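See below for the structure under consideration.
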Amino acid sequence: MKIVIPKEYYTEERRVPVIPLNVEQLVKLGAQIEVETGTGKPSGYADDEYVSAGATINRDRRALLSSADVVLRLHKPPIEEIELLREGSIHISYFDPFNEKEILDKFVSRGISAISMEMIPRVTRAQKMDALSSQANLAGYAAVILAAERLGKVFPMMMTPAGTISPSRVFVVGAGVAGLQAIATAKRLGARVEAFDTRPVVEEQVQSLGAKFVKIDLGETGQTESGYAKVLTEEQIDKQRQEMLKHCAIADVVITTAQIFGRKAPLIITKGMVAAMKNGSVIVDLAAGSGGNVEGTVPGEEVVVNGVTIIGRENMSSHVATHTSQMYSSNLTNFISEYWDGETNLFKLRLDDEIIEGCLVTHENEIFSKTLKKLM
């Protein structure tokens, strides 16, 4: 069975889908691996390393894709490349199926079995395949490091001959995977950290990392079965903003992490809240790629509004590409290994398996995902 790994076509992407270490593991399973030349270069992996791991290098992208049984990549494919895929082949990547109807329709018409890495269910058995969590974890770390670099202050308290330097204040909005890592990183750097989340259940986790949990009585909130925060009402959002303004006003750094899979990110930090912040403070909006949590965020750019730097980097995971590539590559390899049939040397989709039911979006010329079927 041939598994192919094409080069990512986004010019600013530094991550790679599969690293040589995991290519070696896939070859040992019995897979034939073909890698497009230059695939590993953005993260420092040469073609020779993939060859040493047992892969074949292919310079012809069209031939590579058209001969694939399984395609492993990071980003959604261009429409014209879906045309190259063979009927019955399997495509595995991120591709935001809720907002990419054209891509979804093309997968259906071409008879491609498309697996969305965003839709790996959050069950215990799938933790090793959970790419959303692995990438968000390191994005939370990178957000703090970037904020510390942009802030004209040190994070920790320091006793100096010239006097005492007070610790910087960091306010983290959202205590999911990215938020918790941001909290932990800011604390390790010595900052005074506060955090808010609409889910009271995460208070203990926030406190265990040494941060103060900001309590705002919003009435009934909570989380979905998948562990995500539930959508708030307009009244709850207004009350949340009024209370959060106080914490933004004293913060040196604000990091927002609130995203709702398949939907536009909620607007949490308004222009008024930005205006209330101190001159020289920094906001890192980790939801910039899905609409942004901050009014004034410009996706892909850093802007200064009333003396406040707003960082809207869309692909924060790529900022630490060596380790995010390692983790995504491991997620993919664990996924392939889980459904690899050693007797036939084939990757087999077990359609009644709970993980496959969650992440298989299209199969045999129809939409397979029950969630997507309901929406359509």
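The values are calculated or read from the model by the stated rules, or taken from the named source; none is laboratory data. Keep in mind it's a predicted model, so treat the numbers as computed, not measured. Neighbour counts are summed over all protein chains in view; Cβ atoms, including those assigned to glycine, are modelled from backbone coordinates with ideal geometry. Each accessible area value is taken on the protein alone, full model and side chains, heavy atoms only, with ligands, DNA and RNA left out. Shrake-Rupley method; radii C 1.70, N 1.55, O 1.52, S 1.80 Å.
When only alpha carbons of region 64-209 are considered, Rg and Dmax amount to 21.6, 72 Å.
Of the residues A131, S317, S66, the one whose Cα sits farthest towards the positive end of the charge dipole of the chain is S317 (charges of +1 on Lys and Arg Cβ, -1 on Asp and Glu Cβ, taken about the Cα centre).
The angle between the Cα long axis of helix 131-150 and the main principal axis of the chain comes to about 40°, on a 0 to 90 degree scale.
Classify region 320-376: rounded, prolate or oblate, from the alpha-carbon gyration tensor (a ≥ b ≥ c, eigenvalue square roots; a/c under 1.5 rounded; otherwise prolate if a/b is larger than b/c)? Verdict is oblate for region 320-376.
Students often get this wrong, so check it: of K128/K153; K7/K348; K41/K370; K41/K106, which have C-alpha atoms separated by over 27 Å?
Details: K128/K153 38 Å; K7/K348 25 Å; K41/K370 38 Å; K41/K106 30 Å.
The pairs that break the limit, which is 27 Å between Cα atoms, are K128/K153; K41/K370; K41/K106.
Principal semi-axes of the equivalent ellipsoid, √(5λ) from the alpha carbon gyration tensor of the chain, are 40, 23, 18 Å from largest down. Relative to the 2.2 N^0.38 Å rule of thumb, region 229-366 has a C-alpha radius of gyration ratio of 1.44.
Largest GNM mean-square fluctuation among R241, R73, R350, using the chain with Cα springs under 10 Å: R350.
Just the accessible area per residue of region 72-165, please: how many Å² with a 1.4 Å probe?
On the way: 3970 Å² over 94 residues.
Counting only protein heavy atoms, the per-residue value for region 72-165 is 42 Å².
Put simply, the Cα atoms of region 160-207 extend 43, 15, 15 Å along their principal axes, the longest span coming first. Taking one equal scatterer on every alpha-carbon of region 44-101, how large is log10 of I(q)/I(0) by Debye at q = 0.16, 0.23 1/Å? Those come out to -0.61, -1.05, one per q.
Ignoring everything except DSSP H segments at least 4 long, calculate the 222 nm mean residue ellipticity for the chain; use -39,500 (n - 2.57) per segment, divide by total residues, nearest 500. Write down the numbers at each step before the final one.
On the way: 13 runs with 126 residues, N = 376.
So the helix-based figure for the chain works out to -9500 deg cm²/dmol.
Relative to the longest principal axis of the Cα atoms of the chain, the long axis of helix 177-188 lies at roughly 50 degrees.
Using a 10 Å cut-off on Cβ atoms, rank the peptides 336-342, 315-321, 53-59 from the highest mean neighbour count down.
On the way: 336-342: 15.4, 315-321: 21.6, 53-59: 17.0.
Top to bottom by mean Cβ count within 10 Å: 315-321, 53-59, 336-342.
Please compute, over every Cα-Cα pair in region 111-191, the percentage with a separation greater than 14 angstrom. Result: 69 percent of Cα pairs exceed 14 Å. When the chain is described by a simple charge dipole with +1 on each Lys and Arg Cβ and -1 on each Asp and Glu Cβ, the residue from G176, T160, F107 located farthest towards its positive end is T160. Computed from backbone phi with θ = phi - 60° and the Karplus coefficients 6.51, -1.76 and 1.60, the 3J(HN,Hα) list for region 249-260 is 5, 9, 7, 8, 9, 10, 10, 10, 10, 7, 9, 10 Hz; x is used for glycine and proline. Centroid-to-centroid, using Cα positions, region 164-183 and region 242-269 are 12 Å apart. Taking the longest Cα principal axis of the chain as reference, the axis of helix 101-110 is set at about 10 degrees.
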